[in-house]
Amino acid sequence: MSGEKVVIFDTTLRDGEQSPGAAMSIPQKLEIARQLAVLGVDIIEAGFPVSSPAQFEATRLVAEQVKGPTVAALARANKGDIEAAGKAVAAAKKKRIHTFIATSAIHMKHKLKKEPAEVVKMAVEAVRFARTFTDDVEFSPEDACRSEIPFLVEVLAAVIEAGATTLNIPDTVGYVLPFEYGQLIARLKSDVPGIDKCVISTHCHNDLGMAVANSLAGVRNGARQVECTINGLGERAGNAALEEVVMAIRTRADFFSQTARDGLSTNINTKEITRTSQLVSQLTGFVVQPNKAIVGANAFAHESGIHVDGILKERSTYEIMTPETIGLGGSRMVLGRHTGRHGFAERCKQLGYKLTKDEVEQAYQRFLEVADKKKEVFDADVAAIVNDEIRVVEQVYVLEYLHVASGTGTLPTASVRMRSQGETKLAAAFGDGPVDAAYEAIRQATGLAPDLEDYSIRAVTSGKEALGEATVRIRDDSRTFIGRGISTDIIEASAKAYVDAINRMVAAKDTTMQLKVEL
Ligand code: KIV
Ligand code: ZN
């Protein structure tokens, strides 16, 4: 597509992972990074290397193995952080260090306990030091939107002199409104000496639901990089959603043609949006809300008679984008119990899964079980099967057997057999209902008792034999973990989801994924 480019900087693996409960293992991060490259993002912020050995390793592996995008690492404005970031991205063909320090009075006084002059000095030294590792250095004045504008101008001018090439303007706490954010970008663009040599970037949080609108207001006023995440994941209410920003720039090309002479575009292959969204949702355990723009299950569903009638007459009556543009729809091939291995493998390939022979076999066996119970197996079922079978976190605990008895006037009871590192554990329990009894038996078998914070179940596709997908959120001390499980039996799906969440909790402890530093 023509026109000036808006650089898409994806921070799903860094800010996105800061969503409570969204911790990802290293293989999961690599898988997402590979898909982000297929999606066509320009920059992947792979992690915050100094914060833990697992963050360092994940960033290092993305830098080493993922080809195409620039790989960025986050660092506070100090030598230790920058050195870790520099080492982590060293193997990347295109590498960036993203260093930051807070510039608002509230952060400088209470968090940093530093005078403004000291902050300017630290910012300058950080950028200079980062330049010894790479020519591509991004600087962020954290909490920029609550900073004094003259001070922001002073800091930005100083870091440009020191060698910063991208200036990112974070709305760290999601405070400003689109008009204000646009004005801020315009003011910086006109007042900061030397800013025309740099790319101005947006980084907007969604606390007031303004992240995407603010990012677009930034673009309208001269920003040419947007920092965003898949499905809008991120600290607290999240970051600007990549899919929304990209589709707004594409769908409202008419509006953005007033911003740049030949219009604006991105390098994103929008047909990969749905697949990327589903992968991130599956691996983080974060379900996408049905009415979420672009990637929600209802985003292209028409319910009211008047709308359906209009769509049948002319799609553009109620559709401003086609589902095909984001990789939805296309062939609606239905599989069944007579589908052979080859047909199943072919369908997986068409759905974008690159599976080994063993993985195809494993998924196929599960497919046969499902197809036996369910006459028609749709694409959504195949995706759920593959994601459930193949893309799992390391299974410290495996649920081998589950038996549940419940009914009117009987005490719900459950027995389980679980395997953990070569040992088999049996347990039986009763509960308020069949799911409660199964969960109690799992707690006894694992010896782990995280608090269950949330539980939900939904059908993957329609029909009485539909696959049920259970999602649970558990809490262990201050951290939350989300687990998902699928089955045509909803009690089994529920038990699998609980075991999945427990495995994520155990994996996070093993790899010390927790951020040990304060931003
Ligand atoms: O929100 C924020 O300010 C950040 C910075 C580290 C860029 O994530
Ligand atoms: Zn952020």
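The values are calculated or read from the model by the stated rules, or taken from the named source; none is laboratory data. Just so it is clear, the structure is predicted and the values come from calculations on it, not from any experiment. Because the Cβ atoms are built from the backbone with ideal geometry, glycine has one as well, and the counts that use them run over all protein chains shown. Quick note on the areas: whole protein, heavy atoms, side chains included, nothing else; ligands and nucleic acids left out. Shrake-Rupley method; radii C 1.70, N 1.55, O 1.52, S 1.80 Å.
Pulled fully out, how much extra length does the chain show between Lys5 and Thr410, if you take 0.36 nm times their separation in residues and subtract their Cα-Cα distance?
The Lys5-Thr410 span can extend by a further 139.3 nm.
Taking the square root of 5 times each eigenvalue of the Cα gyration tensor, what semi-axes in Å does the equivalent ellipsoid of region 205-307 have, largest first?
Values for region 205-307, descending: 23, 18, 13 Å.
Going through the cross-link list Lys67/Lys95; Lys95/Lys197; Lys29/Lys509; Lys67/Lys509; Lys29/Lys93, which pairs have a Cα-Cα distance over 23 Å in this structure? The pairs that break the limit, which is 23 Å between Cα atoms, are Lys67/Lys509.
Per-peptide packing, taken as the mean over residues of other Cβ atoms within 10 Å, places 440-448, 83-91 in the sequence 83-91, 440-448 from highest down. Electrostatic tally near Gln65: other residues with Cβ closer than 13 Å to its Cβ, Lys and Arg +1, Asp and Glu -1, net +2. Here the chain has 52 percent of its accessible surface on carbon and sulfur atoms, given a 1.4 Å probe and all protein chains in place. Between the helical axis of 490-510 and the dominant principal axis of the chain, each derived from Cα atoms, what acute angle in degrees is found, rounded to the nearest 10? Between helix and principal axis, roughly 40 degrees. Taking all C-alpha pairs of region 398-518, those more than 22 Å from each other amount to 36 percent.
Tell me, rounded to the nearest percent, the portion of alpha carbon pairs in region 4-284 spaced more than 28 Å apart.
That tail contains 29 percent of the Cα-Cα pairs.
Counting only C-alpha contacts under 8 Å and six or more residues apart, can you give the relative contact order of region 398-518 as a whole percent? Relative contact order here is 16 percent. In the chain, the ratio of gyration radius to Kirkwood radius, Rg to Rh, stands at 1.00 when only Cα atoms are counted. Modelled label positions at Glu64 and Gln395, each set 7 Å beyond Cα in the direction of Cβ, lie 2.8 nm from each other. With R₀ set to 35 Å, the beta-carbon distance separating Glu319 from Lys94 gives a calculated FRET efficiency near 0.40.
Using the Cα centre of the chain as origin and beta-carbon charges of +1 (Lys, Arg) and -1 (Asp, Glu), tell me which of Leu36, Ile457, Val120 is placed farthest towards the positive end of the dipole. Working it through, the farthest residue towards the positive pole turns out to be Leu36.
Spin-label pair Ala237-Ile311: with each label point 7 Å from Cα along the Cα-Cβ axis, the two points sit 2.9 nm from one another.
Principal-axis analysis of the Cα atoms of the chain puts helix 116-131 at an angle of about 70° to the longest axis. Note on Lys373: lysines with a C-alpha under 30 Å away, same-chain residues under 8 apart excluded, are Lys349, Lys354, Lys357, Lys425, Lys464, Lys496. Here the extension length gained between Asp372 and Asp196 equals 57.0 nm, from 0.36 nm per residue of separation less the Cα-Cα distance. Taking the alpha-carbon centroid of each part, what is the distance from region 218-290 to region 114-159 in angstrom? Between the Cα centres of region 218-290 and region 114-159 lies a distance of 27 Å.
What is the local net charge at Thr134, summed over the other residues whose Cβ is closer than 12 Å to its Cβ (Lys, Arg +1; Asp, Glu -1)? Within the 12 Å Cβ shell, the charges total +3. For the chain, the relative contact order works out to 12 percent when only alpha carbon pairs closer than 8 Å and six or more residues apart are counted.
With only Lys, Arg, Asp and Glu charged, each at its Cβ (+1 for the first two, -1 for the last two), find how big the charge dipole of the chain is about the Cα centre; round to the nearest 20 debye.
Values: 61 positive and 68 negative charges, 171 e Å.
Charge dipole of the chain: 820 debye, to the nearest 20.
Between helix 178-191 and the chain there is an angle of about 40 degrees, using the helix long axis and the longest principal axis of the Cα atoms. Rolling a 1.4 Å probe over the protein heavy atoms gives the chain an accessible area of 44 Å² per residue.
A straight Cα-to-Cα reach below 17 Å connects Lys109 with the aspartates and glutamates Glu118, Glu142, Asp143, Glu148, Glu518, residues fewer than 8 places away in its own chain not being considered. Helices in the chain, meaning DSSP H runs of at least 4 residues, each add -39500 (n - 2.57). Divided by all residues, the mean residue ellipticity at 222 nm is -12000 deg cm²/dmol.
Quote the FRET efficiency, to the nearest 0.05, computed for Lys271 versus His342 with a Förster distance R0 of 30 Å and r equal to the Cβ-Cβ distance.
Values: r = 25 Å, r/R0 = 0.84.
Efficiency computed from Cβ-Cβ geometry: 0.75.
Counting only the Cα atoms, region 140-181 fills a convex hull of 65 Å³ per residue.
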